[in-house]
1. Among the listed residues Thr97, Thr116, which satisfies the condition of being over 30 Å from Leu5 (Cα atoms) and assigned by the TED database to the domain that holds Leu166?
2. On the basis of being polar (S, T, N, Q), modelled with pLDDT of 85 or more and surrounded by 10 or more Cβ atoms within 10 Å (Cβ to Cβ), does Thr116 make the cut?
3. Right, Pro24: within 30 Å of the chain's Cα centre (by Cα) and either assigned by the TED database to the domain that holds Leu155 or surrounded by 10 or more Cβ atoms within 10 Å (Cβ to Cβ) (or both) or not?
4. Considering Ser83, Ser28, Ser9, which residue is modelled with pLDDT of 80 or more and within 30 Å of Ile124 (Cα to Cα)?
5. Quick check, is Leu192 closer than 22 Å to Leu6 by Cβ and without any contact (Cβ under 8 Å) to a residue 40 or more places away in the chain?
6. Of all residues in region 177-195, which are open to solvent by 30 Å² or more (accessible area, probe 1.4 Å) and either over 27 Å from the mean Cα position of the chain (by Cα) or not assigned by the TED database to the domain that holds Ile90 (or both)?
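The values are calculated or read from the model by the stated rules, or taken from the named source; none is laboratory data. These figures come from a predicted structure and were not determined experimentally. Every residue, glycine among them, receives a Cβ derived from its backbone with ideal geometry; neighbour counts consider all protein chains shown. We work out accessible area using only protein heavy atoms, side chains counted, and drop any ligands, DNA or RNA first. Shrake-Rupley method; radii C 1.70, N 1.55, O 1.52, S 1.80 Å.
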Amino acid sequence: LWPWLLASSGLSALVQLVTLPFFPDTPSYLLIQKGNEEACRKAIRKLWGEGDHQAEIDDIMKEKGAMASTKTLRVLEVIKERSLRWQLYILMTVMTTLQLCGINAIYFYSFEVFHTAKFEEYLIPYVSLGVGLCECLSSILCSTLIDRFGRKVLLWGGYSLMCSVLALLTMTLSLQHRFFWMHYFSVILIFLFVVFYGIGP
């Protein structure tokens, strides 16, 4: 089943590959990058139907003017630019914490935790699939929550809850040989960690 499941992602890639040539170029790309106003109007009519779309073209022209006045910086120039220093620090911090938050360890050791929790061998792949599904659903939930609470709240909340879950998971894994029910608590914590990861970072 797993080889077929992994190969199924190739099906969506094949659909995209076949249908992509039939999609029109974006009006902004045609006008800003190519400088072809007639092709831009044609693409707008194809996307939004017939009618007066001059307001949209004017917006794209304003965007083109704004881009022309903006200087493109190289990587070294971005690092040296003092006005971008804090944005760079924040970006580096978020990316570093994302890599070191523990999600890879959770995925790597989850099979062992499920095995120790006395799950049947044939059920473990489905439980692992459930963990992946939890991440997918929590990411969808995040897209609805981000407008209401903002990115900052979700990041702080997600990382705080993930730290708490990891602390509890360390405790349950240490005590799993003393109390039989600790195995199941560890499994619940793994699912919670993945949910908080999907909602937060």
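1. The conditions single out Thr97.
2. It is false that Thr116 is polar (S, T, N, Q), modelled with pLDDT of 85 or more and surrounded by 10 or more Cβ atoms within 10 Å (Cβ to Cβ).
3. yes
4. Just a single option satisfies the conditions, and that option is Ser9.
5. It is false that Leu192 is closer than 22 Å to Leu6 by Cβ and without any contact (Cβ under 8 Å) to a residue 40 or more places away in the chain.
6. His177, Arg178, Phe179, Phe180, Trp181, Tyr184, Phe185, listed by residue number.
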